[in-house]
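For reference, the structure is listed below as structure tokens.
The values are calculated or read from the model by the stated rules, or taken from the named source; none is laboratory data. Quick caveat: nothing in here was measured; it's all calculated off a predicted structure. We place every Cβ from the backbone using ideal geometry, glycine too, and count neighbours over all the protein chains shown. To get the accessible areas, we keep the full protein, side chains included, count just its heavy atoms, and leave off ligands, DNA and RNA. Shrake-Rupley method; radii C 1.70, N 1.55, O 1.52, S 1.80 Å.
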Amino acid sequence: MMAKVKLTVTESRCKGGYCQKGDTFIIEDLYPPVCHELWNSIYPLVYALQNGAELDYGDTRAKMFDAQCPDGGRVRVHGETVEG
């Protein structure tokens, strides 16, 4: 069983209006309503967390990540595994 990953939008200046600061999404098997560019850049991290990985996070390793949209960082997200 894959872990659930919670995405939280921490900053947004999204040109397409997909993401607003404070939006949260629980990812199980389908991707959330974010643009393809953002999803393509964070999917490897989400997939790794869903399968139990710990990622580099600052000076440590953790089951979380911070990432940004490839469009100049217009959208920033925090991803973490959640129980349930």
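Amide H of Val75: which non-local residues (sequence gap of 5 or more, or other chain) have their own amide H closer than 5 Å, using H built in the peptide plane?
Counting only residues 5 or more places away or on other chains, the set is Arg13, Cys69.
For the chain, just say rounded, prolate or oblate: build the C-alpha gyration tensor, square-root its eigenvalues into a ≥ b ≥ c, call rounded for a/c under 1.5, and beyond that prolate if a/b exceeds b/c, oblate if not.
Prolate shape, in that a/c is at least 1.5 and a/b is the bigger ratio.
Taking R0 as 22 Å, what's the FRET efficiency between Tyr57 and Thr24 from their Cβ-Cβ distance, rounded to 0.05?
Computed FRET efficiency for Tyr57 and Thr24: 0.70.
Run through the chain and list the GluC sites (Glu not before Pro) located in a DSSP loop whose Cβ has at most 12 other Cβ atoms within 10 Å.
Sites meeting the loop and neighbour criteria: Glu28, Glu83.
For the chain, compute the number of Lys pairs whose alpha carbons are separated by less than 21 Å, excluding pairs fewer than 8 positions apart on the same chain. Working shown, then result.
Working: Lys4/Lys21; Lys4/Lys63; Lys6/Lys21; Lys6/Lys63.
Lysine pairs meeting the criterion: 4.
Computing the accessible area with a 1.4 Å probe over protein heavy atoms, can you report the carbon and sulfur percentage for the chain?
So the carbon and sulfur contribution to the accessible surface is 49 percent.
Please give the net charge around Tyr43, taking every other residue with its beta carbon less than 13 angstrom from that of Tyr43, where Lys and Arg add +1 and Asp and Glu add -1.
-2
Does anyone have the angle between helix 36-50 and the longest principal axis of the chain? Alpha-carbon axes, 0 to 90°, nearest 10?
With rounding to tens, the tilt is 10 degrees.
If I take every Cα pair under 8 Å that is 6 or more residues apart in the chain, average their sequence separation and divide by the length, what percent do I get for the relative contact order?
Over the chain, the number comes to 39 percent.
Under 10 Å from the Cβ of Tyr57, count the other residues' Cβ atoms, weight Lys and Arg +1, Asp and Glu -1, and hand me the total. Before the final figure, lay out the partial values.
On the way: positive: Arg61, Lys63; negative: Glu54, Asp56, Asp59, Asp66, Glu80.
Result for the neighbourhood of Tyr57: -3.
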